[in-house]
Amino acid sequence: MKSAKTYGLVLTAFGAAIISVLAQITIPLPLVPITGQTLAIGLIVTILGFKYGTLSVLVYCLLGAIGLPVFTGFSGGLSTLVGPTGGYIIGFIPTALFMSWYLNKFGYTYVHGLIANVLGMMLTLAFGTIWLKFVADMSFLAAFMAGAAPFILLEAVKGCIAAWVGILVRNRLMDANVLKQVF
């Protein structure tokens, strides 16, 4: 029992670390950069499932909130969360909850992985756009044009990649009995 709890903590920490690393892959844009965070969220939730995937995202957000440099550009702290891109980071949590709920309900298949990931990416964009509208004092149209429109296709592609790789890795780990002891 104790080793299963330790294993779960290790999975959670590993997931948060992967998100932190992929967050540093960034293409700067004027207001909202393109990052590897959403790809990482999709991969981790698809591979680890509801409990440890969602916990990994929550730990990642909390680590950044307390000031550790895990967010894009090695940033962290509450100032990042209340800034123009904070809504995307906060949106990672409901995104992880939605994706993991969907996958648990409908199954960890490529089709459902694709649906969960693409919808999850769009949910993150919605949170980020709404946050951007209020923090940057923009109209909804301006916030959408700056914070969502340029990313919709890219996020759909990242969702496809996260679903394909995530389901593949999850299936291989399940076949190897690596994930069986916690799921």
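The values are calculated or read from the model by the stated rules, or taken from the named source; none is laboratory data. These numbers were taken from a predicted model, which means no experiment stands behind them. Methodologically, a virtual Cβ is constructed for each residue, glycine included, from the backbone with ideal geometry; neighbour enumeration extends over all protein chains shown.
Residues in the stretch 7-34 that are among the small types (Gly, Ala, Ser) and in a helix (DSSP H, G or I) were compared, and the one that is nearest to TYR88 (Cα to Cα) is SER20. Selection of the stretch 121-140 for residues being outside any loop (DSSP other than H, G, I, E, B), touching a residue at least 40 places away in the same chain (Cβ under 8 Å) and of a type in the set (A, V, I, L, M) yields MET121, ILE130, LEU132, VAL135.
Yes or no, residue by residue, for (1) surrounded by 23 or more Cβ atoms within 10 Å (Cβ to Cβ); (2) assigned to a helix (DSSP H, G or I); (3) over 17 Å from the mean Cα position of the chain (by Cα):
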site	(1), (2), (3)
GLY87	yes, yes, no
TYR102	no, yes, no
LEU119	no, yes, no
ALA142	no, yes, yes
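If you check ALA146, ALA96 for being over 15 Å from THR35 (Cβ atoms) and at pLDDT 95 or above, only one passes: ALA96.
Please enumerate the residues belonging to the stretch 54-85 that are of a type in the set (S, T, N, Q) and either under 13 Å from the mean Cα position of the chain (by Cα) or not in a loop (DSSP other than H, G, I, E, B) (or both). Residues satisfying the conditions are THR54, SER56, THR72, SER75, SER79, THR80.
In this structure, is ALA17 surrounded by fewer than 18 Cβ atoms within 10 Å (Cβ to Cβ) and among the hydrophobic types (A, V, I, L, M, F, W, C)? Give the steps one after another, and end with the answer.
On the way: surrounded by fewer than 18 Cβ atoms within 10 Å (Cβ to Cβ): yes; among the hydrophobic types (A, V, I, L, M, F, W, C): yes.
Here the answer is yes, as ALA17 does meet what is asked.
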